[in-house]
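The values are calculated or read from the model by the stated rules, or taken from the named source; none is laboratory data. This structure is a prediction, so every number in the text was calculated from the model and none was measured. As a convention, Cβ positions derive from the backbone with ideal geometry for all residues, glycine included, and neighbour counts pool all protein chains shown. Please note that ligands, DNA and RNA were not included when accessible areas were found on the heavy atoms of the full protein model with its side chains. Shrake-Rupley method; radii C 1.70, N 1.55, O 1.52, S 1.80 Å.
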Amino acid sequence: MGFYEQNILPHLIDKACSLGQMMKLRSQVVPHARGTVLEVGMGSGINLEFYRPQRVTKLYGLEPSAGMRQKAAHNLSRSPVAVEWLDLPGEQIPLPDNSVDTVLLTFTLCTIPDANAALAQMRRVLKPDGILLFLEHGLAPDRRVEIWQHRINPVWRRLAGGCNLDRPISRLLEQAGFQVDELNNLYIPKSPKIASYIYQGRASLPTP
């Protein structure tokens, strides 16, 4: 990992992901986490202030970036719940099958290199009655915006640490075997549409 990825990119990502409207959206999703929680792509711990300690019994933070884990020190010191770090990528979740009550994804699926493999791992560790909470940006429904997302994505991905603008989040979840139970879509106000189309909701495992 180079100097940019280790020392500069974590600060840029942290700043972009903690703007006012983003934090408002996080505050609507994170408090629903319950039981044993796996947050995939915990980053600098931006979500920690929104967890409800009376609902969470265990919190695993999956974050492969050493730069992000170092940047999380301040948020960890103020966290209402203890965090156990898992420093592997999302495609290699080191937890047993059916061991997690909640999987939390906030602006993570855009960056994981193999999103399908990572989602398969999340499905593996999620209990049959568990929930997957998601807050992601991705492919827009407007044709003009979609065209620009596809056009800009190769350059954007290189500059933004592997972030993709054009992943169809709800479709990826369904293709991985999840059932999308709640879905809200919106553009973040006053933001470039190519990077601000939001997928917010809840998914579960289908009943056999």
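If the condition is being surrounded by 19 or more Cβ atoms within 10 Å (Cβ to Cβ) and part of a strand (DSSP E or B), then segment 39-64 contributes GLU39, VAL40, VAL56, LEU59, TYR60, GLY61, LEU62. Quick one: would you say THR36 is β-branched (Val, Ile, Thr) and either assigned to a strand (DSSP E or B) or more than 15 Å from the chain's Cα centre (by Cα) (or both)? Yes; evaluated as a whole, the condition is true for this residue. Assessment of segment 45-66 against the conditions (β-branched (Val, Ile, Thr) and within 15 Å of the chain's Cα centre (by Cα)) yields at least one matching residue.
Of all the residues in segment 86-141, those that are in contact with a Phe, Trp or Tyr (Cβ under 9 Å, 6 or more places away or on another chain), of a type in the set (Phe, Trp, Tyr) and assigned to a loop (DSSP other than H, G, I, E, B) number 0.
The test for being of a type outside the set (Ser, Thr, Tyr) and over 23 Å from GLN21 (Cβ atoms) does not hold for VAL145. Number of residues in segment 143-181 that are open to solvent by 90 Å² or more (accessible area, probe 1.4 Å) and either within 19 Å of VAL103 (Cα to Cα) or free of Cβ contacts under 8 Å to residues at least 24 places away in the same chain (or both) equals 9. Per the listing GLU39, GLU63, the residue uniquely touching a helix residue (DSSP H, G or I) at 6+ places or on another chain (Cβ under 6 Å) and of a type in the set (Asp, Glu) is GLU63. Within the option set GLY67, GLY130, GLY138, being farther than 25 Å from GLY162 by Cβ and open to solvent by less than 20 Å² (accessible area, probe 1.4 Å) holds for one residue only, GLY130. Look at GLN6 and say whether it is at pLDDT below 95, open to solvent by 10 Å² or more (accessible area, probe 1.4 Å) and of a type in the set (S, T, N, Q). In short, yes.
With respect to (1) closer than 26 Å to LYS58 by Cβ; (2) of a type in the set (A, V, I, L, M, F, W, C); (3) open to solvent by 10 Å² or more (accessible area, probe 1.4 Å), the lone exception for MET122 is condition (3). Name every residue in segment 70-85 that is more than 21 Å from GLY161 (Cβ to Cβ), in a loop (DSSP other than H, G, I, E, B) and out of contact with any Pro (no Cβ under 7 Å at 6 or more places or on another chain), in order of residue number. ARG78, SER79, ALA82, VAL83, listed by residue number.
Contact annotation: residue pairs with Cβ atoms under 8 Å, 6 or more positions apart or on different chains, pairing a residue in segment 182-205 that is open to solvent by 50 Å² or more (accessible area, probe 1.4 Å) with a partner that is acidic (Asp, Glu), are LYS193/ASP142; ARG202/ASP181; ARG202/GLU182.
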